[in-house]
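*Asks:* Shown below is the structure under consideration.
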Amino acid sequence: MNTTDTTDTAGASKPAALGLGPALGPGPRDTWRALPAGQQPAYPDPAALRRVTDELAGAPPLVLPGECDRLRDRLAAVARGEALLLQGGDCAETFDRVSVDTVHSKLNTLMQMSAVLTYAVSMPVVKVGRLAGQYAKPRSKPTESRDGVTLPVYRGDAVNGPDFTHGSRVPDPERLLRMYQASSHTLNLVRAFTASGRAGLSQVHEWNRDFIAGSPLRARYEGIADGIDRAMNFMRATGARPQDFDDSEFFVSHEGLLLDYESPLTRRDRRTGRSYATSGHMLWIGERTRDLDGAHVEYFSRIDNPIGVKLGPATTADTALQLIDRLDPDREPGRLTFVVRLGVDRVREVLPPLVEKVTASGAQVVWACDPMHGNTLEAPSGHKTRRFDDILGEVRGFFEVHRALGTHPGGIHVELTGDDVTECLGGGHDLGFPDLFHRYESACDPRLNRGQSLDLAFLVAGFLDD
Ligand code: PEP
Ligand code: MN
């Protein structure tokens with residue numbers, strides 16, 4: 001089916017040509033309701049939820065079908081081995097941290113990582129933020145007890161508040177509207193920033209030069225930065241102007257966890273009859289909600305966005321193949337990304353049979369490495385943390401497995417922030433356990449800070465060059 005043609009027999013200038021049609025009525029988008037949906041909040045007042053979902057059903061889409069199709073095309077190139085995916089952002093965004101500074105620093109960080117990786121692989125890098133909608137978290141337990149008091153667990157700002165009080169922890173559907181607003185504000189900043197032309201290649205490279213100058217590992221990074229300098233000089237010599245070279249195309253993604261939020265924002269593109277989650281360009285299903293018979297797989301099977309599925313270390317090749325049958329029955333490159341999060345100790349053992357059997361089935365999925373969620377540990381202080389070397393080690397294992405199989409290591413999916421937080425151990429500045437007390441701000445899992453994120457990009461670039 002042609003998904004990029006925007007002409008409309010009724011006239012391209014009509015609103016329908018932009019895919020701005022009204023939401024579907026009860027129909028395909030509601031088929032998930034008959035199935036068990038894991039990790040959904042227990043809202044105390046169904047009428048209040050209904051008012052909110054009605055409002056969302058009438059709200060404008062945050063992204064348009066054509067943009068989702070474009071990302072799908074970009075991811076098809078990744079699936080074919082012609083591009084790399086870089087997906088990153090907070091574990092959990094929070095309403096109080098939507099600001100120009102936080103959004104810009106996250107974007108800058110991803111742009112800087114992307115410039116380094118583009119150079120290392122000599123391929124375009126598809127940049128997808130874990131942002132503008134990453135407000136809901138699956139949790140391992142439904143409740144939390146402190147000093148004999150038991151309350152619902154914090155499930156992300158889209159559901160309840162982090163404070164350990166009854167008032168804060170009761171799920172409040174009004175928060176779904178705040179999620180929509182916060183996502184809209186964030187997306188507005190993303191669009192303004194990427195349209196500003198301020199993140200051109202030479203500017204991004206200058207930022208990388210500044211980072212290297214202050215890094216204890218600068219001797220290891222200078223070779224790559226010099227290589228980028230030479231490549232830019234070459235471009236200038238041919239008459240190209242790297243300062244004008246704009247590689248800031250940027251997409252947004254989040255875990256599609258809360259079906260009461262996603263469902264009313266699902267819209268049908270009148271041109272094509274295809275349905276889209278309009279809350280973000282790409283949505284993924286988490287490791288805990290990817291049951292083949294569950295509501296999430298059913299909902300995702302009805303939308304045409306590019307989608308991801310997280311795969312943990314217990315995933316069998318059969319499960320992966322069944323997920324493909326449900327979610328990518330036509331085996332279209334760009335539709336499905338498997339985000340594998342296996343742990344540094346397991347990646348070399350678990351990944352090869354998955355990749356081999358999926359490849360043998362004829363499916364062309366994107367393989368992305370999430371080196372965060374299989375490497376979480378508890379510090380003596382009780383902080384949830386991760387070691388930079390484990391994260392780097394899992395990425396290395398992921399690339400080695402693909403190299404040995406002759407398949408394409410499609411990309412990486414990381415939890416990061418552009419701020420100088422102290423949540424993960426190690427990295428260029430070698431953070432230790434005592435540093436976790438300085439600036440631990442994550443609402444959920446520990447994120448790479450700005451420097452650690454750039455360390456990761458430079459070190460991955462280094463071993464890709466080997
Ligand atoms: C996450 O990405 O924050 C997450 C909860 O991951 P997973 O579903 O892989 O556990
Ligand atoms: Mn997380």
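*Asks:* Just checking the chain: which Cys have no other cysteine's beta-carbon under 4.7 Å?
*Replies:* 68, 369, 424
*Asks:* Write down the Å³ per residue value for the convex hull defined by the alpha carbon atoms of region 86-202.
*Replies:* 122
*Asks:* Follow-up question, since we're still on this one. In Å³ and rounded to a whole number, note down the convex hull volume per residue for the Cα atoms of the chain.
*Replies:* 149
*Asks:* Which whole-number percent gives the relative contact order of the chain, counting Cα pairs below 8 Å spaced six or more residues apart?
*Replies:* 22
*Asks:* In whole Å, what is the distance between the alpha-carbon centres of region 35-112 and region 321-340?
*Replies:* 19
*Asks:* Calculate log10 I(q)/I(0) of region 185-227 for q = 0.14, 0.16, 0.23, 0.28 Å⁻¹, where I(q) comes from the Debye formula with a single equal point scatterer on each Cα and nothing for solvent.
*Replies:* -0.46, -0.55, -0.75, -0.90
*Asks:* Under the definition of Cα pairs under 8 Å and six or more residues apart, what whole-number percent is the relative contact order of region 175-267?
*Replies:* 39
*Asks:* Separate question: How many nm is it between the label spots at residue 240 and residue 166, if each spot is 7 Å from the Cα in line with the beta carbon?
*Replies:* For residue 240 paired with residue 166, the spin-label model returns 6.4 nm.
*Asks:* With an 8 Å cut-off on Cα pairs and a minimum separation of 6 or more residues, tell me the relative contact order of region 226-289 in percent.
*Replies:* Relative contact order here is 30 percent.
*Asks:* Another question about this same structure. Could you compute the FRET efficiency for residue 105 and residue 59, with r as their C-beta to C-beta distance and R0 at 30 Å, rounded to 0.05?
*Replies:* 0.60
*Asks:* Same structure, new question: For region 99-218, with the dipole built from +1 on Lys and Arg beta-carbon atoms and -1 on Asp and Glu ones, taken about the Cα centre, which of 202, 162, 148 lies farthest toward the positive end?
*Replies:* Working it through, the farthest residue towards the positive pole turns out to be 202.
*Asks:* Taking 0.36 nm per intervening residue step and subtracting the Cα-Cα distance, what contour gain separates residue 149 from residue 348 on full extension?
*Replies:* Contour length minus the Cα-Cα distance gives 67.3 nm.
*Asks:* How would you rank 119, 261, going from fewest to most other Cβ atoms within 10 Å of each one's own Cβ?
*Replies:* 119, 261
*Asks:* Based on the Cβ-Cβ distance from residue 181 to residue 381, what FRET efficiency comes out when R0 is 35 Å, to the nearest 0.05?
*Replies:* The calculated FRET efficiency here is 0.50.
*Asks:* Could you give the nm distance between label points at residue 220 and residue 441, where each point is 7 Å from its Cα heading toward the beta carbon?
*Replies:* Here the answer is 2.6 nm between the modelled labels.
*Asks:* Okay, next question. Assuming a strict under-29 Å limit between Cα atoms, what lysine pair count do you get for the chain once near-sequence pairs (fewer than 8 apart, same chain) are dropped?
*Replies:* 14
*Asks:* Considering the zone a paramagnetic label at residue 202 would reach in this model (a point 7 Å from Cα along the Cα-to-Cβ line), which residues of region 222-264 have amide N under 15 Å from it?
*Replies:* 229-247
*Asks:* Now for a different question. Let me spell out the model: positive unit charges on the Cβ of Lys and Arg, negative unit charges on the Cβ of Asp and Glu, origin at the Cα centre of the chain. What dipole size does that give, in debye rounded to 20?
*Replies:* 700
Bear in mind that the values in this text are calculations on the coordinates, not laboratory data. Note that this is a predicted model, so its numbers are computed, not measured. Cβ coordinates were reconstructed from backbone atoms using ideal geometry, including for glycine residues, and neighbour counts include every protein chain displayed.
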